[in-house]
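Shown next, in structure tokens, is the structure this report addresses.
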Amino acid sequence: MPKLRTAALVAGAALLARRSLRRRVQASPLWPMPALDPPVSGRPRSRALRLLLTAHETVADGVVRLRLEGGRLPAWEPGAHLDLVLPSGLVRQYSLCGDPADTSSYTVAARLVTDGRGGSREVHEQLSEGMELQVRGPRNRFPLVEAPAYVFVAGGIGITPILPMLRALPDGTEWRLLYAGRTRASMPFLEEVRGLAGNRLTVAAGDEDGRPDLDALLADLPERTAVYCCGPQGLTAAVEERLPEGATLHLERFAPRADAVGTTAFEVELRRSGRTLTVPAGSTVLAAVRRELPDTAYSCEQGFCGTCQQRVLEGEIDHRDELLTAEERAGSMLICVSRCRSDRLVLDM
Ligand code: FES
């Protein structure tokens with residue numbers, strides 16, 4: 001009984017703290033949230049908002065869920081993600097996994113990547129409730145299309161964009177889900193997923209069930225089934241390999257694009273710095289520029305965040321991002337992924 005009382009007191013204190021945070025956000029001078037940090041081009045690419053972090057809680061081994069609150073937030077649909085600008089300036093993308101009908105908060109979840117580039121560690125260790133964070137988006141490159149049937153394949157944290165899709169599917173829709181992870185304890189939202197999916201769910205926890213049986217999952221699909229996959233590269237590649245004819249594949253890619261490094265070299269002149277350098281095959285403009293100008297701004301290195309955008313004075317750009325507008329593409333490029341179709345590019349740097 002004392003334990004129960006202590007638990008109730010702790011839960012009550014947490015609730016009061018949350019309410020107080022919520023009152024703070026509603027009373028904040030940032031309400032409604034102003035747009036911040038216009039993009040380099042000066043045109044609105046996506047709104048930047050400053051939101052209050054009102055929940056930072058562990059929901060599975062190595063996974064925290066964040067709730068960011070503001071007022072009248074831009075709408076989103078299942079599959080969308082947010083750019084989170086961390087206090088260090090790093091920008092990281094996280095899929096929205098809350099309720100799209102909730103227009104006053106966004107929910108995302110982040111796995112700790114111990115050998116990563118520091119973003120997830122910062123999310124886990126440096127963020128805390130009560131902090132204000134800048135976000136950009138939401139953007140959706142992984143929308144739920146209309147289809148006669150669906151197969152979902154989620155690996156670990158890859159469940160996050162898929163979860164709102166499962167909630168949004170109309171009754172009577174034919175679908176199945178394979179949810180794979182290292183261990184059950186490391187798989188976020190497993191109980192909710194179980195409740196939504198019932199017998200349409202196959203759980204494949206590596207330590208208990210071994211490798212997921214993708215062949216069985218992808219067998220006998222109705223024509224035009226939409227197959228959605230989000231997870232580690234090995235999993236997405238395995239699904240891609242086995243995709244049956246007649247099905248359509250929808251992949252969420254947060255990994256660097258393989259084609260960001262090309263097969264031919266070219267020259268880049270940095271006009272203002274008076275330097276010319278070579279971008280070798282197998283490397284990026286950003287890597288070459290940073291060897292000359294180490295302070296060059298960049299963050300995601302995946303063509304998502306726009307931090308590395310540079311003005312192009314001459315040369316035929318080979319755009320490989322999914323962010324810039326046609327107008328922006330006319331005179332600038334994201335040097336972390338885009339390349340050059342000609343022999344020479346001149347940047348205004
Ligand atoms: S560093 Fe993010 S788009 Fe290039």
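Which condition does Gly198 not pass, out of (1) surrounded by 17 or more Cβ atoms within 10 Å (Cβ to Cβ); (2) out of contact with any helix residue (DSSP H, G or I) (no Cβ under 7 Å at 6 or more places or on another chain), if it passes all the others?
All conditions are met except number (1).
Being open to solvent by less than 60 Å² (accessible area, probe 1.4 Å), of a type in the set (Lys, Arg) and in a strand (DSSP E or B) is the requirement here; does Arg136 meet it?
yes
Check Tyr106 against each of (1) open to solvent by 30 Å² or more (accessible area, probe 1.4 Å); (2) more than 21 Å from Ala247 (Cα to Cα); (3) not in a loop (DSSP other than H, G, I, E, B) and name the one condition it does not meet.
The number of the failed condition is (1).
So that you can scan it fast, the table gives a plain yes or no per residue for (1) at positive phi; (2) touching a helix residue (DSSP H, G or I) at 6+ places or on another chain (Cβ under 8 Å); (3) outside any strand (DSSP E or B):
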position	(1), (2), (3)
Val153	no, yes, no
Pro161	no, no, yes
Val193	no, yes, yes
Leu221	no, no, yes
Leu235	no, yes, yes
Leu249	no, yes, no
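Scanning for something surrounded by 14 or more Cβ atoms within 10 Å (Cβ to Cβ) and more than 23 Å from the chain's Cα centre (by Cα), does segment 153-170 turn up at least one residue?
Within segment 153-170, none of the residues are surrounded by 14 or more Cβ atoms within 10 Å (Cβ to Cβ) and more than 23 Å from the chain's Cα centre (by Cα).
Taking the conditions exactly as written (within 16 Å of the ligand (Cβ to nearest atom) and modelled with pLDDT of 90 or more), does His56 satisfy them or not?
Criteria not met by His56.
For segment 331-348, which residues satisfy the criterion of being within 14 Å of Pro280 (Cα to Cα), open to solvent by less than 10 Å² (accessible area, probe 1.4 Å) and assigned to a strand (DSSP E or B)?
Result: Arg339, Leu345.
Return the total of residues in segment 333-348 being within 14 Å of the ligand (Cβ to nearest atom) and closer than 10 Å to Leu313 by Cβ.
1
Consider Glu252 carefully, then state whether it is open to solvent by less than 40 Å² (accessible area, probe 1.4 Å), in contact with a strand residue (DSSP E or B) (Cβ under 9 Å, 6 or more places away or on another chain) and among the acidic types (Asp, Glu).
yes
Could you give me the residue pairs with C-beta distances under 8 Å whose first residue belongs to segment 80-91 and is not assigned by TED's automatic domain parsing to the domain that holds Tyr106, whose second residue is more than 14 Å from the ligand (Cβ to nearest atom) wherever it lies, and which are 6+ apart or on separate chains?
Going by the 8 Å Cβ cut-off, there are no qualifying pairs.
Go through segment 284-301 and count every residue that is polar (S, T, N, Q) and open to solvent by less than 20 Å² (accessible area, probe 1.4 Å).
2
Given the condition in contact with a Leu (Cβ under 9 Å, 6 or more places away or on another chain) and β-branched (Val, Ile, Thr), answer yes or no: does some residue in segment 162-181 qualify?
yes
If I go through segment 66-99 residue by residue, how many of them are surrounded by 16 or more Cβ atoms within 10 Å (Cβ to Cβ), under 20 Å from Phe152 (Cβ atoms) and not aromatic (Phe, Trp, Tyr)?
Count: 9.
Here are Glu314, Glu322, Glu327: which of them is away from the ligand (no atom under 14 Å from the Cβ), at pLDDT below 90, of a type in the set (D, E, K, R) and surrounded by fewer than 16 Cβ atoms within 10 Å (Cβ to Cβ)?
Details: Glu314 fails: at pLDDT below 90; Glu322 fails: away from the ligand (no atom under 14 Å from the Cβ).
Unique residue meeting the criteria: Glu327.
Go through Arg182, Arg211, Arg242, Arg224 for me and flag whichever is within 21 Å of Gly79 (Cα to Cα) and open to solvent by 70 Å² or more (accessible area, probe 1.4 Å). Talk me through it step by step, then tell me what you get.
On the way: Arg182 fails: within 21 Å of Gly79 (Cα to Cα); Arg211 fails: within 21 Å of Gly79 (Cα to Cα); Arg242 fails: within 21 Å of Gly79 (Cα to Cα).
Just one listed residue meets the conditions, Arg224.
Residues in segment 257-266: is at least one of a type in the set (Gly, Ala, Ser) and at pLDDT 85 or above?
Checking segment 257-266: at least one residue is of a type in the set (Gly, Ala, Ser) and at pLDDT 85 or above.
Quick check on this structure: which one of Pro222, Pro232, Pro280 is over 25 Å from Gly303 (Cβ atoms) and of a type outside the set (Phe, Trp, Tyr)?
On inspection, the qualifying residue turns out to be Pro222.
Answer with yes or no whether Glu129 is assigned to a loop (DSSP other than H, G, I, E, B), outside the structural domain of Cys300 (by TED's automatic domain parsing), in contact (Cβ under 8 Å) with a residue 24 or more places away in the chain and surrounded by fewer than 21 Cβ atoms within 10 Å (Cβ to Cβ).
Considered against the rule, which asks whether it is assigned to a loop (DSSP other than H, G, I, E, B), outside the structural domain of Cys300 (by TED's automatic domain parsing), in contact (Cβ under 8 Å) with a residue 24 or more places away in the chain and surrounded by fewer than 21 Cβ atoms within 10 Å (Cβ to Cβ), Glu129 comes out as yes.
If Ser299 passes every condition in (1) in contact (Cβ under 8 Å) with a residue 40 or more places away in the chain; (2) within 14 Å of the ligand (Cβ to nearest atom); (3) not in a loop (DSSP other than H, G, I, E, B) but one, which one does it miss?
Of (1) in contact (Cβ under 8 Å) with a residue 40 or more places away in the chain; (2) within 14 Å of the ligand (Cβ to nearest atom); (3) not in a loop (DSSP other than H, G, I, E, B), only one is false for Ser299: (3).
The values are calculated or read from the model by the stated rules, or taken from the named source; none is laboratory data. None of the values given here were measured: they were computed from a predicted structure. FYI the Cβ positions are ideal-geometry reconstructions off the backbone, even for glycines, and counts take in every protein chain you see. When the accessible area is computed, the model is the full protein with side chains, heavy atoms only, and any ligands, DNA or RNA have been set aside. Shrake-Rupley method; radii C 1.70, N 1.55, O 1.52, S 1.80 Å.
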